[in-house]
Amino acid sequence: MKRKPIYRSLFLFGILAPASILFQFCKPKGPAEVATGNAASQAYVAPGKYDEFYNFVSGGFNGQMNVYGLPSGRLFRIIPVFSEDPTSGYGFSEETKPMLNTSHGYVPWDDLHHPALSTTNGEHDGRWVFGNANNTPRVARIDLKTFRTAEIIELPNSGGNHSSPFITENTEYVVAGTRFSVPMGDKTDVPISTYKENFKGTISFISVGKEDGKMKIAFQIKTPGVNFDLARAGKGPSHGWFFFSCYNTEQAYTLLEVNSTQKDKDFIMAVNWKKAEEYLAAGKGEKAKAKYVHNWYDEKTHTATSEMLNEVMQLDPTVLKDMVYFIPCPKSPHGCDTDPTGEYIVGSGKLAALIPVFSFTKIQQAIANKEFEGDFGGIPVVKYEAALHGEVKKPGLGPLHTEFDANGNAYTSFFVSSEIVKWNVKSLEVLDRVPTYYSIGHLCVPGGPTRKPHGKYVIAYNKITKDRYLSTGPELTQSAQLYDISGDKMKLILDFPTTGEPHYAEAIPASLVMPNSVKIFKIEDNNHPYVAKGEGKTNVERKGNQVHISMTAIRSHLTPDNIEGVKLGDEVYFHVTNLEQDWDVPHGFAIKGANNAELLIMPGETQTLKWKPLTTGVFPFYCTDFCSALHQEMQGYIRVSPANSNVPIKFSTGRTEAPAGAAGSK
Amino acid sequence: MTSIKPTSRVIIVVASLILIVGFFVPLWQILMWAPQYPEGLEMDVWYNDITGDVKIISALNHYIGMKHIEVGMFPEFQYIVYIIWFLIGFGLLVAISGKRFMVWLNAGVLLVTGAAALIDFYLWGYEYGHNLDPTAAIIVPGMSYQPPLIGTKVLLNFTAFSGPDLGGWVFVVSFCLVILVIILERFFFNSKKA
């Protein structure tokens, strides 16, 4: 064996060492882009100044609706919708418990994915925002005067209300398409393997009262068993139609990851809901038995009511022709978005390498000319090419959702390539792209889904934040990024964390919402059965083993604040009325050992906390909202005596008396 | 006894009748601001009523032992309306009589009424600001809370302003019109008599 000369090794080292150092320099840098130019000043809202837009951001698995300001990204409020909220007492107070009632009983949590702001003539009117419950299918209506959940309606024959709550141009309907097809009717106990035969989908059209916003399921359209994903109403020329993306046309019921992604194309389902209305008016609907609840909150009694409903009207498109059509759309479409003109429908196949854009005019022609390639479950399938306006070529990887500005441009989010791509709707030409941090889901342009987008910004809502913020253990925040779109190029100007997992979001000019904000509830209008409209009206009343306390709160005392005569085994109801008639003076109420939560009572409102003491003794209660300089003095005691005692009901505030039986008390 | 010109009579009639405006607008206003009340609180005094954020002001003032403001604490409200009608009637009487000395009398009556109202308001303010509940939660030694008669005053965390509202200004205008007649009669309509 011959030894290699040492100089050769040295030579090699001499070459390799600098090369490897050089190589280090050539390594691509991380994607941590820094905002440039005057970005900071663009997102800066000076102290005491207002944001230009409200941003209603779905809370995802927190089940709530989160309200941010734009462009600052400041969080103002988390509106309790589908999840109970111990902070406000939502779902814990006797008045709000019915809001979370369902046909499955009280459901304390859900998963809210999509907000939908009410519109008139296809433009934001600032009246309500709707939200969907993805898990136990429901739709909620939030009143933007109070920023409170005003109404919740459950959806029968649905499993996973994902394709919801998208709305028609004049908020005539809110839709709800089922993600999971399920067996329905009389035959629900069936083998899972009988999917093709027994599983059906439904699309519910919920009518919305023109003045009061009251929701009612007007009709359901039965569909073949598939998964409905997202939807958008037509607008302008396409008003009267609704478009739903659907996947799993393979009708798989297991390992959907593989089994539902086999076909080259799934569908966008086009529904002519004006036609559906005609059929309904002609009595072509069938009443089907179904159990679902309808809950609403009365602002006068400050109390929610839950009503059980027993039937729903259904329409069968295999019998009722010319109402429903399928349009092939590549690779498991997710987003299905109509542009502001109402002419173009953008389908986003989440596994596709292109974005198909359909033309409403062409769809109408194709239907008129019967350009069908066959049928699916008895519903005609329009020829892909006949409906197609064109395809955006090589836009990115994993297109999900598309929003629009007022200048004919579209902004599509790409989960896999983690970017937003701007393209022209007519020419289908890609104009710009920016990275997001990381893995964007939905995106939002203020007014993006309306006929008149407000434009100005696009906001990315991301699933992954990794290294973007100070780390907080294994569980990290989700985030949003704000981009200026007023120029040709999108420009990152702000990055902010979000609560819950943001899915879809909508933004609306503050001027359409803020002037209508309610400041107080008028005490004269309070019709709560246990209201005390003044300290002289307070009362403690025994009804069997229930003790009802009509209590008042005003800066800085509770009346009564000394209560006796409660016995072990009693259920005590604290009905607390906030007597204040001044803005931003809520009072809280909490009592030791309560198994529920606190109450947070707005001025002029009455809320009830139920309390069941488990031992005798004297229990303190107090105001939990720092209401005034003497907030810490706002407290009281309630005495609980043994079940067989003779302590009479007694209550007062401000009365001091000589201690009974104390030595020298005479 | 000298009579006044028809023009003067008309001005006197106008000066009397505009006092009716005071039945529809407040006479006096008190405005208050604090860090917690950037939007301000307002109290309006009418011939026979008090309106505005009276409840809120009372709720705040109870901490320092001030009385609850209510209509009942102003016995003046019982008869102010009659005084106003008297002023209007007296003005019309002056116009009808057309006597120059009556105009002087008219000015005097208005001046005395205005001064009396201000003195009355001052006395009420003194009582309201000084007669404090000894069991009040907040007692600042040596501190009293008399609202300003006219102008601005800082009281603890509040800045208070007091001044005439539309009705008050109408009263001022009415008085000025009467004075105008005196000036006109004295310096401009005097030539004939000479």
Loop GluC sites (Glu not before Pro), the stretch A:180-278 (other Cβ atoms within 10 Å of the site Cβ: 10 or fewer; DSSP):
A:E211
What is the spin-label model distance, in nm, from A:N644 to A:D298 if the labels are put 7 Å beyond Cα along the C-beta direction?
4.3 nm
Once you order the gyration tensor axes a ≥ b ≥ c over the Cα atoms, which shape class does the stretch A:523-652 get: rounded for a/c under 1.5, otherwise prolate or oblate by comparing a/b with b/c?
prolate
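So how do A:V572, A:V81 line up by other beta-carbon neighbours within 10 Å, fewest first?
Values: A:V572 22, A:V81 30.
With the fewest neighbours first, A:V572, A:V81 line up as A:V572, A:V81.
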Helix-only [θ] at 222 nm, chain A, -39500 (n - 2.57) per DSSP H run of 4+, per residue, nearest 500, equals -2500 deg cm²/dmol
I'd like to know which of B:V13, B:V178, A:V434 lies farthest towards the positive end of the charge dipole of the protein assembly as shown, counting +1 on Cβ of Lys and Arg and -1 on Cβ of Asp and Glu.
A:V434
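With a Förster radius of 45 Å, plug the Cβ-Cβ distance of B:I20 and A:T305 into 1/(1 + (r/R0)^6) and report the FRET value to the nearest 0.05.
Numbers: r = 52 Å, r/R0 = 1.15.
Efficiency at R0 = 45 Å is approximately 0.30.
So, R0 is 60 Å and r is the distance between the beta-carbons of A:Y50 and B:S3; what FRET efficiency does that work out to, to 0.05?
For R0 = 60 Å, the calculated efficiency reads 0.40.
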Quick one: A:L100, B:L111, fewest Cβ neighbours within 10 Å first, how do they rank?
B:L111, A:L100
Let me have the 222 nm mean residue ellipticity of chain B computed from DSSP H runs of 4+ only, each contributing -39500 (n - 2.57), with the sum over all residues rounded to the nearest 500.
-15000 deg cm²/dmol
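Tally Lys/Arg at +1 and Asp/Glu at -1 over every other residue whose Cβ is under 15 Å from the Cβ of A:V67; what's the total?
Working: positive: A:R74, A:R77, A:K145, A:R148; negative: A:D51, A:E52, A:D85, A:D143, A:E506.
Result for the neighbourhood of A:V67: -1.
Length gain on complete extension for the stretch B:L118 to B:L105, per 0.36 nm per residue less the alpha carbon to alpha carbon distance?
Length gained, B:L118 through B:L105: 2.7 nm.
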So how do B:D165, A:D298, A:D488, A:D229 line up by other beta-carbon neighbours within 10 Å, fewest first?
A:D488, A:D298, B:D165, A:D229
Computed FRET efficiency, Cβ-Cβ of A:K284 and A:V258, R0 41 Å: what is it to the nearest 0.05?
0.55
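Classify the stretch A:405-520: rounded, prolate or oblate, from the alpha-carbon gyration tensor (a ≥ b ≥ c, eigenvalue square roots; a/c under 1.5 rounded; otherwise prolate if a/b is larger than b/c)? Provide the component values of the computation, followed by the final result.
Numbers: a/c = 2.24, a/b = 1.07, b/c = 2.10.
Since a/c reaches 1.5 but b/c is at least a/b, the shape of the stretch A:405-520 is classed as oblate.
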Which of rounded, prolate, oblate describes the stretch B:69-121, given a ≥ b ≥ c as roots of the alpha-carbon gyration tensor eigenvalues and a/c under 1.5 marking rounded, otherwise prolate only if a/b is larger than b/c?
oblate
Can you work out ³J(HN,Hα) from phi for every residue in the stretch A:393-404, in order, using Karplus 6.51 cos²θ - 1.76 cosθ + 1.60 and θ = phi - 60°, giving whole Hz and x for Gly and Pro?
8, 6, x, x, 10, x, x, 10, 9, 10, 10, 10
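Report D for chain A in µm² per second (integer): Stokes-Einstein, Kirkwood Rh on Cα pairs, 37 °C, 0.692 mPa s. Please list the in-between numbers first.
Numbers: Rh = 27.7 Å.
The Stokes-Einstein estimate is 119 µm²/s.
Every number in this text was worked out from the coordinates using simple rules, so none of it is lab data. Not measured: the values here are computed from a predicted model. Heads up, the Cβs are rebuilt from the backbone with ideal geometry, glycines too, and the neighbour counts pull from every protein chain shown.
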